[in-house]
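The values are calculated or read from the model by the stated rules, or taken from the named source; none is laboratory data. This structure is a prediction, so every number in the text was calculated from the model and none was measured. As a convention, Cβ positions derive from the backbone with ideal geometry for all residues, glycine included, and neighbour counts pool all protein chains shown. Keep in mind that these areas ignore ligands, DNA and RNA; they rest on the heavy atoms of the full protein, side chains included. Shrake-Rupley method; radii C 1.70, N 1.55, O 1.52, S 1.80 Å.
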Amino acid sequence: MSRSSARTTTRSRWVLGALVVGLPLSLLPATATAGATPAPAPAPSSGASTSRHDGGWHGHPTDLPKVPVMKGGGGAVSSVDRDASQVGIDVLRRGGNAADAAVATAAALGVTEPYSTGIGGGGFLVYYDARSRRVSTIDGRETAPATFTSTSFTDPSTGKAMDFTTVVNSGLSVGVPGTPALWAKALRDHGTLSLNRALAPAEQLARKGFVVDQTFADQTAANAERFSVFPETARVFLRDGKAPAVGSTFRNPDMARAYRTLRTQGVSALYSGSLGRAVVAESRAPHTDGSSVMGGQLTMRDLRAYRALTKAPIHSSYKGFDVFGMPVPSSGGIAVAEILNLMRAYEKATGVRTSALSEADYLHRFSEASATAFADRNRWVGDVPGVPVRQLTNPAFAAERACLFDPAKAQPRPIPFGSPDGRYTSCAPGKAAQPEPYEGLSTSHLTVMDRWGSVASYTLTIEQTGGSGITVPGYGFLLNNELTDFNFTPLTPGVPDPNLPGPGKRPRSSMSPTILLHEGRPFLAVGSPGGATIITSTSQTILGYLDRRLSLVDAIRAPRLSSRNGSSEGAEPQILDGPVGAALTAKGHVLAPGAAAPAVNEIGAVTAIRYLGHGRFEAAAETTRRGGGSAMVVQPSRHPRH
């Protein structure tokens with residue numbers, strides 16, 4: 001679960017002034033930005049090295065209020081947190097591009113969203129470069145140690161899967177962090193700032209502190225018992241064994257030290273230096289209060305072998321829009337493409353457009369599409385050779401899978417997986433029904449568009465809320481439990497499982513950073529946190545905006561349904577407890593409270609930006625989920641109000 005931070009306007013102005021500081025205009029020539037062309041400002045020169053300066057940050061913050069939607073010019077940022085969005089806006093305001101702002105914003109989220117993301121995790125970036133007019137991706141997913149095998153999470157005495165909770169709260173769950181490598185690669189390939197400058201605001205934010213909100217306090221309280229097992233985690237994140245008080249200032253000087261180390265020594269500090277040695281030591285033999293906790297298998301060789309990888313995006317089309325998503329090991333790009341293909345196939349099969357449906361009939365279609373896509377994703381997608389990507393995203397495959405769709409009745413769950421074999425001439429029955437695998441919920445998503453038209457859609461995570469619970473001594477950040485995204489044992493005996501652990505393997509993810517282009521130009525960037533619900537939240541937002549004709553913020557605000565081919569499907573209260581839920585139940589759907597955060601029954605925390613043309617943007621975020629998100633533009637079209 002991402003803590004879509006409910007930063008309120010009670011944040012101290014002196015804190016913001018001290019932390020969210022800008023790059024001096026005198027240090028940024030007109031040629032500072034490396035992205036470039038379609039928007040109103042003159043296209044900058046590519047790779048101007050004169051923009052890389054490593055001194056302190058100075059100047060005033062734009063100091064925009066926290067609101068869920070904002071329109072204007074100069075570039076835009078949308079994230080779950082007000083301080084993080086402010087950092088990104090300040091980078092854009094002073095001449096940085098989308099890559100610079102994405103890295104700076106992500107680093108700030110590591111401070112204010114430490115239970116969702118940070119140095120100890122990984123993520124995926126989808127990036128549109130305005131100069132080349134090409135979309136590429138960077139895979140910063142964590143990797144398993146070289147010693148891992150397909151039975152690493154199997155109890156040798158029983159042959160059964162290890163206890164999930166025990167593995168989560170142990171060093172065995174920790175994969176090689178990929179986030180710092182992604183940051184460095186994104187800046188090297190697309191940015192204009194050095195890593196030193198991009199991480200400076202986050203370092204200062206960690207040192208000076210931020211005001212604790214209710215969500216941060218609640219998440220700390222929910223993790224207090226397991227945090228107390230690890231003395232270093234308790235020291236950093238608890239106050240006398242409890243969550244810090246709402247309204248207090250939370251400082252993390254140890255995390256500031258970690259950022260300072262990365263700024264001055266580069267990411268080699270993690271992958272071959274002192275910071276990496278601290279990560280390896282703590283993951284292999286976690287310090288505890290005396291409780292027995294399994295150690296992990298990470299070595300310095302594993303860290304030295306790590307690479308953030310440039311990959312071609314998943315590319316599909318939907319009603320005249322080019323849709324770009326993340327490839328394997330993420331299942332997000334594939335599953336979002338299949339859901340959209342299925343929704344189009346249902347329209348063709350029934351002759352009724354999605355825009356003409358009642359809400360219940362629309363959600364019925366969406367549920368059938370997402371459950372079908374998850375059936376195929378669970379069987380075929382993982383970090384293995386030969387994933388049938390082209391067939392899974394082929395409209396002809398979707399048409400074959402759609403032939404069993406009934407407008408009046410839900411298919412029994414779980415839906416059997418299909419055969420993406422290239423032969424789509426009949427209504428082929430599914431092969432076998434598989435149970436729904438578990439996937440953690442702690443994630444954060446941010447979107448950025450700059451004045452030149454470059455776009456970043458970036459999702460990053462440490463897996464569970466609070467990750468493994470293990471904090472690196474002296475450095476103040478939590479380690480991921482990302483390896484629990486592997487299936488511990490095969491989902492179905494006798495059926496190949498692409499998501500079993502293996503040496504150097506990257507666990508499958510549902511993270512779905514997405515960019516839509518229209519006629520080759522940026523149109524929409526969107527994504528969400530929420531484990532496997534990321535796929536459904538992202539798809540539902542796209543469909544709400546394109547097909548249901550909702551405004552962008554209303555498409556984000558709309559009640560969510562998340563059908564992932566399990567025995568039930570998550571639904572938020574507006575659906576679950578109303579006439580739409582009753583209509584879905586009558587069609588055979590089995591609804592349950594939203595799985596992303598059962599205590600509050602919320603699904604996802606979407607952020608999105610729409611390019612309006614003529615150098616104008618609309619940034620949008622959640623209105624209420626997780627306390628609401630923070631949408632900002634550099635030059636608001638009018639004074640924003642709550």
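Residues in region 209-243 that are more than 17 Å from N169 (Cβ to Cβ), crowded, with 16+ Cβ neighbours inside 10 Å and of a type outside the set (G, A, S): F210, V211, V212, D213, T215, F216, D218. Residue check: A582 meets all listed conditions (1) farther than 30 Å from V176 by Cβ; (2) in contact with a strand residue (DSSP E or B) (Cβ under 9 Å, 6 or more places away or on another chain); (3) not in a strand (DSSP E or B) but one, namely (2). The condition (being at positive phi and either crowded, with 24+ Cβ neighbours inside 10 Å or modelled with pLDDT of 95 or more (or both)) is satisfied by just one residue among G118, G191: G118.
Count, please, the residues in region 473-509 that happen to be of a type in the set (A, V, I, L, M) and in contact with a strand residue (DSSP E or B) (Cβ under 8 Å, 6 or more places away or on another chain).
Within region 473-509, the subset of a type in the set (A, V, I, L, M) is 478-479, 483, 491, 495, 500.
Next cut, in contact with a strand residue (DSSP E or B) (Cβ under 8 Å, 6 or more places away or on another chain) only: 478-479.
Residues in region 473-509 being of a type in the set (A, V, I, L, M) and in contact with a strand residue (DSSP E or B) (Cβ under 8 Å, 6 or more places away or on another chain): 2 in total.
Can you pull out the residues in region 624-642 that are touching a Gly at 6+ places or on another chain (Cβ under 8 Å), modelled with pLDDT of 95 or more and either open to solvent by less than 40 Å² (accessible area, probe 1.4 Å) or in a helix (DSSP H, G or I) (or both)? Within region 624-642, M632, V633, V634 meet the criteria.
Could you please find all residues in region 456-487 being in a strand (DSSP E or B), at pLDDT 95 or above and under 15 Å from S116 (Cα atoms)?
The answer is Y458, T459, L460, T461, I462, T471, L478.
Where helices (runs of 4 or more DSSP H) fall wholly inside region 345-451, the ranges with 1 or more residues that are under 17 Å from V495 (Cβ atoms) and among the basic types (K, R) are 359-380.
Kindly evaluate T137 against the criterion of being within 28 Å of G467 (Cα to Cα), in contact with an Asp or Glu (Cβ under 9 Å, 6 or more places away or on another chain) and of a type in the set (S, T, Y).
Working: within 28 Å of G467 (Cα to Cα): yes; in contact with an Asp or Glu (Cβ under 9 Å, 6 or more places away or on another chain): no; of a type in the set (S, T, Y): yes.
Judged against the criteria, T137 is not a match.
All conditions in (1) open to solvent by less than 10 Å² (accessible area, probe 1.4 Å); (2) more than 26 Å from D129 (Cα to Cα); (3) of a type in the set (S, T, N, Q); (4) modelled with pLDDT of 95 or more hold for S510, with the sole exception of (2). Evaluation of T465 against the conditions (1) surrounded by 24 or more Cβ atoms within 10 Å (Cβ to Cβ); (2) of a type in the set (S, T, Y); (3) under 20 Å from the mean Cα position of the chain (by Cα) shows that the sole unmet condition is (1).
Within region 197-247, the set of residues being touching a residue at least 12 places away in the same chain (Cβ under 8 Å), more than 23 Å from G628 (Cβ to Cβ) and part of a loop (DSSP other than H, G, I, E, B) comprises L199, S228, V229, F230, L238, G241. Answer yes if at least one residue in region 563-570 is touching a strand residue (DSSP E or B) at 6+ places or on another chain (Cβ under 9 Å), outside any loop (DSSP other than H, G, I, E, B) and free of Cβ contacts under 8 Å to residues at least 24 places away in the same chain, and no otherwise. Among the residues of region 563-570, not one is touching a strand residue (DSSP E or B) at 6+ places or on another chain (Cβ under 9 Å), outside any loop (DSSP other than H, G, I, E, B) and free of Cβ contacts under 8 Å to residues at least 24 places away in the same chain, which makes the answer no.
For region 68-83, filtered to residues that are on the phi < 0 side of the Ramachandran plot and surrounded by fewer than 24 Cβ atoms within 10 Å (Cβ to Cβ), the residue that is farthest from the chain's Cα centre (by Cα) is G73.
Which residues, taken from region 65-77, are closer than 14 Å to Q635 by Cα and in contact with a helix residue (DSSP H, G or I) (Cβ under 9 Å, 6 or more places away or on another chain)?
The initial filter retains those residues of region 65-77 that are closer than 14 Å to Q635 by Cα, namely 65, 69-77.
If the condition is that a residue be closer than 14 Å to Q635 by Cα and in contact with a helix residue (DSSP H, G or I) (Cβ under 9 Å, 6 or more places away or on another chain), then P65, V69, G74, G75, A76, V77 are the ones that fit.
Inside region 421-432, can you point out the residues that are at pLDDT 80 or above and not charged (D, E, K, R)? Residues satisfying the conditions are G422, Y424, C427. Residue count for region 248-261 under the criterion of being open to solvent by 30 Å² or more (accessible area, probe 1.4 Å) and outside any helix (DSSP H, G or I): the result is 3.
In this structure, does G494 turn out to be assigned to a loop (DSSP other than H, G, I, E, B), farther than 15 Å from G121 by Cβ, at pLDDT 95 or above and out of contact with any Gly (no Cβ under 6 Å at 6 or more places or on another chain)? Criteria not met by G494. When region 262-307 is filtered for residues that are within 26 Å of A224 (Cα to Cα), in contact with a helix residue (DSSP H, G or I) (Cβ under 8 Å, 6 or more places away or on another chain), part of a helix (DSSP H, G or I) and open to solvent by 20 Å² or more (accessible area, probe 1.4 Å), only R284 remains.
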